[in-house]
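Remarks on the structure that follows.
The values are calculated or read from the model by the stated rules, or taken from the named source; none is laboratory data. Keep in mind that what you see is a predicted model, and the values were worked out from it rather than measured. In this analysis, Cβ positions are derived from the backbone assuming ideal geometry, glycine residues included, and neighbour counts consider all displayed protein chains.
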Amino acid sequence: MLPACFSFFSIFEIRESLLSMKIRWNSGSMRLRITPTELAAVLSGRTASEVLQVPGGMSWQVRLETGAETQLSSDGQVVVLSLSPADRERLADPELEGVYFQADGGIRYFVEKDFPCVHSRAKESMEMPTETFIAPGDFERRKLESGEN
């Protein structure tokens with residue numbers, strides 16, 4: 001059984017690029033952290049996705065794609081976050097770190113640009129290096145003050 005709060009990180013392929021969307025979710029929210037290449041893919045109308053193959057043949061998938069309106073949907077094993085043209089434009093703004101929403105059922109969901117980690121990771125985590133955005137000037141200070149990473 002998986003814990004109530006579970007995050008996973010892995011490498012996947014969107015056509016021509018090796019990328020790494022980070023996904024973190026709990027009972028009330030879902031956060032996607034995307035790379036510059038994933039943002040470029042979504043801005044050009046392509047889908048960014050991440051798949052976790054669970055032993056026993058089951059898999060979970062999260063897709064970030066374009067849509068007429070911003071919404072969160074699921075068919076049980078695939079969660080789809082569709083971004084409207086206006087929200088894709090907001091996400092492309094270099095001054096913004098992400099776009100943030102709340103579904104009718106109360107679930108908060110958001111897409112954030114992945115910046116370099118403020119704290120180093122334990123080597124035992126075996127996380128692969130990934131492409132990141134250039135962090136805003138006050139990013140490190142804000143993260144350290146907030147205790148987030």
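Okay, here's what the table says:
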quantity: Qualifying residue in the range 93-110 (condition: among the aliphatic types (A, V, I, L, M), in contact with a helix residue (DSSP H, G or I) (Cβ under 6 Å, 6 or more places away or on another chain) and modelled with pLDDT of 90 or more); calculated: yes
quantity: The one condition in (1) modelled with pLDDT under 70; (2) within 20 Å of GLU69 (Cβ to Cβ) that GLU127 fails to fulfil; calculated: (2)
quantity: Filter pass, LEU18 being surrounded by 15 or more Cβ atoms within 10 Å (Cβ to Cβ) and at pLDDT below 95; calculated: no
quantity: In the range 45-59, the residues that are in contact with a Phe, Trp or Tyr (Cβ under 9 Å, 6 or more places away or on another chain), within 12 Å of VAL78 (Cβ to Cβ) and not β-branched (Val, Ile, Thr); calculated: SER49, GLU50, LEU52
quantity: Tabulated pairs, the range 44-66, first under 19 Å from ALA92 (Cβ atoms), second surrounded by fewer than 11 Cβ atoms within 10 Å (Cβ to Cβ) and at pLDDT 90 or above, C-beta under 6 angstrom, 6+ apart or interchain; calculated: THR66/GLY45
quantity: Which numbered condition LYS113 misses (of (1) of a type in the set (D, E, K, R); (2) surrounded by 17 or more Cβ atoms within 10 Å (Cβ to Cβ); (3) modelled with pLDDT of 95 or more); calculated: (3)
quantity: The range 47-87: number of residues that are exposed (fewer than 15 other Cβ atoms within 10 Å of the Cβ) and of a type in the set (S, T, N, Q); calculated: 5
quantity: Of all residues in the range 82-98 being assigned to a strand (DSSP E or B) and within 17 Å of THR37 (Cα to Cα), the one that is nearest to the chain's Cα centre (by Cα); calculated: GLY98
